[in-house]
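A.B. asks: Here you go, one structure.
The values are calculated or read from the model by the stated rules, or taken from the named source; none is laboratory data. Since the structure is predicted, the reported quantities are computational estimates derived from the model, not experimental observations. Note: ideal-geometry Cβ built from the backbone for every residue, glycine included; neighbour counts use all protein chains shown. Side chains included, ligands, DNA and RNA excluded: accessible areas come from the protein's heavy atoms. Shrake-Rupley method; radii C 1.70, N 1.55, O 1.52, S 1.80 Å.
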Amino acid sequence: MTWSELSLGPGTWVLSVLAGAVLGMDSVSWPQAMISRPIISATVGGLLMGNPAAGMLVGVVLELYSMRHPPFGAARYPDTGPAGLVAGASFAATGGQAVGALLVAIVIGWALGWLGSVTIYVRRRLNETIVSPAEELAADPALLEQRHRVAIWLDALRGGVLVAAFLVPSVLVVTLAVGSGPSELGRFAIAALVLGLAASAGAAARSSAFGVRGWPLLLVGAGVALLLILGGLA
Amino acid sequence: MKPLRSDQLAAWSRTFAVQGSWNYRTMVGTGIAYAMLPLLRRIYAGDPVQLRKAVERNMGPFNGHPYLCAMAVSALGRLEMDEVEPATMEKFRTALRGPLGTVGDRAVWGQWRPICIHVAVLAYFLGLGPVWSALLFLGLYNVGHLGVRTWAYVVGWEAGLGVGKLLKRSWLETWSGRLWPFNIALLGAVAMLLARSLVEGAGVSLNGTALVGMGVIAGLIAFRFPRQGGRVAGLLLAASPVLWLLGALLG
């Protein structure tokens, strides 16, 4: 693949940054409609590059990985909105076919998700200053509204900046992996990814289960899927 | 003065932004006051001193599931309208924090969201296009999202101080208990279909039976030891592109 074949132009970049801002806001600030989930954000990334299916594939893998980090209480979890968009767009921009590129895009998405979680932490610290002092805001409710909205816009800015900073480098890195064809070690790479997904699914299932019981249900689901595959239905 | 329907609608719509200024000092406290403002402005119309006091007491530390915070917003608004003692309101706020977080986390983050994701991913693997699958998730999930948010707001306003009892025996708790078996079975199916899709697209020859067997063992061990299983999953994820690129470089 040559640089001129990439589907990432200036217009697409701007659209991606704007989408990143909206996705960045969604997970915490507004409106929590879950457009920030990887299956949406990565599909949006793919769609912007003209290949939503490539984005969706990245999104499903990231989804299975991020599912074991539910935002219970004060738990840390990956910020999957901008990260999913960057990963999905990177894979789609490079053709959405090469497995090496898929693997690199997924890892970039995962790493960027955790970087995003650090930026959320920083923003929350910043919010302490934005909504202080309490007495001043209570005396002027309009000021309270204004500061609250500023905090929301900052979250949008955070998401946009993440996409702006990482989209092009991510596409370039993923492009480097496009030409890497299957090899003997490639078998181990795919096996590692599949086993990692299985382990992640097991851990994610436990966070939804009421206690340790319920493990046979994982097998039932996998068995039904296996039957669908063998029957040619999936 | 009793809030108008338009005030209620404005407060409800502001609950979507209740976590907008989340911080480690007051958590969602400022967001609660922000969402309550349309109600407070009507209740204390023409009395800026009482309005200031009401805003100040509702800006204090608070936390809860963001959708169920709608219940706190309307219930606290109701207490303000009913001129309940500030000390009682403070006790009520404190008592409400735990249940709003626990019930919401278990029902929405623990069950409803994963189930909607699994259904959409299954639909994708069964042939629905990527955009339609994504829209299916958004549509399905947000029916539940809007339903819970609206229910929480309405119940909070109607029950006032009684929401704590209502929450303990609410349909959300019942449904969490009923949904989790489906959730886990769907997750097993999604993992299997995704693994098949990755193996087929990779263009490498793998012993399918051995891989399925090892995957089942890895999944079950991770279910029993989720923390360690999660770490292993992360390591395997990081290792896979490294192995692939190494293989390409070496030959």
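A.B. asks: Decide, for chain A, between rounded, prolate and oblate: order the square roots of the alpha carbon gyration tensor eigenvalues as a ≥ b ≥ c, take rounded if a/c falls under 1.5, and otherwise choose prolate if a/b is larger than b/c, else oblate.
C.D. replies: oblate
A.B. asks: Hey, another quick one. Using all alpha carbons of the protein assembly as shown, what is the percent of pairwise distances in each 20 Å bin, ordered from the shortest bin to the longest?
C.D. replies: The distribution over the protein assembly as shown is 25, 51, 22, 3, given as percents.
A.B. asks: Follow-up. Just to make sure I understand: if all protein chains stay in place, what is the order of A:Arg68, A:Arg187 by accessible area at 1.4 Å, largest first?
C.D. replies: A:Arg187, A:Arg68
A.B. asks: Which distance in Å, rounded to a whole number, links the C-alpha centroids of segment A:105-171 and segment B:80-155?
C.D. replies: Each part's Cα centre sits 23 Å from the other's.
A.B. asks: While we're looking at this one, here's another question. Within segment B:182-196, which residues have the backbone N less than 19 Å from the label spot 7 Å out from A:Leu219 along Cα→beta-carbon, could you tell me?
C.D. replies: B:182-193
A.B. asks: Shifting gears a bit: Taking each residue of A:102-115 in turn, how many C-beta atoms of other protein chains fall within 10 Å of its C-beta, and what is the average?
C.D. replies: Across the residues of A:102-115, the mean count of other-chain Cβ atoms within 10 Å is 3.
A.B. asks: For segment B:64-140, which GluC sites (Glu not before Pro) pass both filters: DSSP loop (anything but H, G, I, E, B) and at most 13 other C-beta atoms within 10 Å?
C.D. replies: Here the GluC sites (Glu not before Pro) that fit, given the DSSP loop and packing criteria, are B:Glu83.
A.B. asks: A follow-up question, please. When each pair of different Cα atoms in segment B:106-223 is counted once in the 1/r mean, what is the Kirkwood radius in angstroms, to one decimal?
C.D. replies: After inverting the pairwise mean of 1/r, the radius is 16.8 Å.
A.B. asks: Here is a follow-up. Using a 1.4 angstrom probe and counting only protein chains, how large is the accessible area of B:His118 in Å², to 10?
C.D. replies: Solvent-accessible area, nearest 10 Å²: 0 Å².
A.B. asks: Another question, then. Convert each backbone phi in segment A:215-221 into a coupling constant with the Karplus relation 6.51 cos²θ - 1.76 cosθ + 1.60 (shift: θ = phi - 60°), then list the ³J(HN,Hα) values in order as whole Hz, x for Gly and Pro.
C.D. replies: Ordered by residue, 3J(HN,Hα) equals 4, x, 5, 4, 5, 4, x Hz.
A.B. asks: Angle, helix A:141-178 long axis vs. longest principal axis of chain A, Cα atoms, 0 to 90°, nearest 10?
C.D. replies: Tilt relative to chain A: about 30 degrees.
A.B. asks: What FRET efficiency do you get for B:Leu126 and A:Arg76 if R0 is 41 Å and r is their Cβ-Cβ distance, rounded to the nearest 0.05?
C.D. replies: 0.75
A.B. asks: Report the accessible surface area buried between chains A and B, summing both sides, using a 1.4 Å probe on protein heavy atoms only, in Å² rounded to the nearest 100.
C.D. replies: 8900
A.B. asks: Considering only protein heavy atoms and a probe of 1.4 Å, how much of the accessible area of segment A:3-180 is carbon and sulfur, as a whole percent?
C.D. replies: Answer for segment A:3-180: carbon and sulfur cover 71 percent of the accessible area.
A.B. asks: Could I ask something else about it? Could you sort A:Arg158, A:Arg149, A:Arg76 by their accessible area in this structure, using a 1.4 Å probe and putting the largest first?
C.D. replies: A:Arg76, A:Arg149, A:Arg158
A.B. asks: Follow-up. Need one number: nm distance between label points at B:Thr174 and A:Glu128, each 7 Å from Cα along Cα→Cβ, rounded to one decimal.
C.D. replies: Result for the modelled spin labels: 4.3 nm.
A.B. asks: What is the distance, in nm, between label points placed 7 Å from the Cα along the Cα-to-Cβ direction at A:Arg149 and at B:Leu250?
C.D. replies: Those two pseudo-labels are separated by 5.9 nm.
A.B. asks: Hey, if we sort B:Asp47, A:Asp26 by accessible area with the 1.4 Å probe, largest down, what's the order?
C.D. replies: Descending accessible area places them as B:Asp47, A:Asp26.
A.B. asks: Then there is this: Take the Cα gyration tensor of segment B:176-250, multiply each eigenvalue by 5, square-root it, and list the three semi-axes largest first, rounded to whole angstrom.
C.D. replies: 27, 16, 11
A.B. asks: May I ask you to give the solvent-accessible area per residue for the protein assembly as shown, in square angstrom, as obtained with a 1.4 angstrom probe?
C.D. replies: Heavy-atom accessible area per residue stands at 39 Å².
A.B. asks: Residue by residue through segment A:83-94, which ³J(HN,Hα) values in whole Hz follow from phi under the Karplus form 6.51 cos²θ - 1.76 cosθ + 1.60 (θ = phi - 60°), with glycine and proline marked x?
C.D. replies: Couplings: 5, x, 4, 4, 5, x, 5, 5, 5, 5, 5, 9 Hz.
A.B. asks: For B:Lys2, go through the lysines and keep the ones whose alpha-carbon is under 21 Å away, minus same-chain ones fewer than eight residues off.
C.D. replies: B:Lys53
A.B. asks: In addition: So what's the angle, to the nearest 10 degrees on a 0 to 90 scale, between helix B:130-159 and the longest Cα principal axis of chain B?
C.D. replies: Helix B:130-159 sits roughly 30 degrees off the main axis of chain B.
A.B. asks: Take the solvent-accessible surface of the protein heavy atoms, probe 1.4 Å, and return the percent of it on segment B:116-167 that carbon and sulfur atoms account for.
C.D. replies: 78
A.B. asks: Here's something else I'd like to know. With n ≥ 4 as the cut-off for DSSP H runs, can you work out [θ] at 222 nm for chain B, using -39500 (n - 2.57) per run divided by the number of residues, rounded to the nearest 500?
C.D. replies: Taken over chain B, the calculation gives -25500 deg cm²/dmol.
A.B. asks: Using only Cα atoms, tell me the angle between helix B:48-58 and the longest principal axis of chain B; keep it within 0 to 90° and round to the nearest 10.
C.D. replies: With both axes taken from Cα atoms, the answer is about 30 degrees.
A.B. asks: Ok, one more. Could you report the accessible area of B:Ser205 in Å², rounded to 10, computed with a 1.4 Å probe on the protein chains as they sit in the structure?
C.D. replies: Approximately 80 Å² for this residue.
A.B. asks: Let me ask something additional. What figure in square angstrom, to the nearest 10, would you give for the accessible area of A:Leu219 with a 1.4 Å probe?
C.D. replies: Looks like 70 Å² after rounding.
A.B. asks: Then there's this: Per residue, how big is the convex hull around the C-alpha atoms of chain B? Give it to me in cubic angstrom, could you?
C.D. replies: Spread over its residues, the Cα hull of chain B gives 171 Å³ apiece.
A.B. asks: Modelling each spin label as a point 7 Å along the Cα-to-Cβ direction, I'd like the B:Ser6/A:Asp140 distance in nm, to one decimal.
C.D. replies: Result for the modelled spin labels: 2.6 nm.
A.B. asks: Go through segment A:160-216 and name the chymotrypsin sites (Phe, Trp or Tyr not before Pro) that are in a DSSP coil and have 15 or fewer other Cβ atoms within 10 Å of their Cβ.
C.D. replies: Answer in residue order: A:Phe210.
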